[in-house]
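The values are calculated or read from the model by the stated rules, or taken from the named source; none is laboratory data. Small disclaimer: the values here were computed from a predicted structure and weren't measured. Methodologically, a virtual Cβ is constructed for each residue, glycine included, from the backbone with ideal geometry; neighbour enumeration extends over all protein chains shown.
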Amino acid sequence: MEDIIGHILAGVVRGAVALGEAAADATKVIARGTVGIVKVVGENIAEEIVEQALESIEGREKRKQRRFARHIEKLKGHDWFKVIYEDVKCRDVIHTEERYRNLLSKRRYIHKLIRNENERQQFIQQIRVEAKVDDVIWDIK
């Protein structure tokens, strides 16, 4: 009888060990699945955030380009800017240099150029140096 009880207990222990191993394997599978799901969701969220950020930047850039074009048209109404803008080299500098596109897309800077003689002279001198132009009449006010 003791042998039978010993065999039963050994079987129960083996069953418990097998059940423990199955539970451990199931836990690993659940953990891997959870990690996989979190990883996929995280990647999707990251992609969405990046996509929205890019759309925001594109929208901002379009608005900035429209402001730049509007400000150029406004400045063309002034003789001193017209002279600069008619020179091809100067116009290229204004349109290709990031610094000038940024400056000329700012409303405050445009007002400063229109109202402040010193600021205007500095702007003209910078354009002149960047465009490497000496043959334009720059004294128009």
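Quick look at the values:
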{"read-out": "Set LYS64, LYS28: member being in a helix (DSSP H, G or I), at pLDDT 70 or above, out of contact with any strand residue (DSSP E or B) (no Cβ under 9 Å at 6 or more places or on another chain) and within 23 Å of PHE123 (Cα to Cα)", "value": "LYS64"}
{"read-out": "Single condition HIS7 does not satisfy, out of (1) at pLDDT 70 or above; (2) over 29 Å from the mean Cα position of the chain (by Cα)", "value": "(1)"}
{"read-out": "Of all residues making up segment 103-125, the number that are in contact with a helix residue (DSSP H, G or I) (Cβ under 8 Å, 6 or more places away or on another chain) and assigned to a helix (DSSP H, G or I)", "value": "11"}
{"read-out": "Residue in segment 59-76 that is within 18 Å of the chain's Cα centre (by Cα) and loosely packed, with under 10 Cβ neighbours inside 10 Å present", "value": "no"}
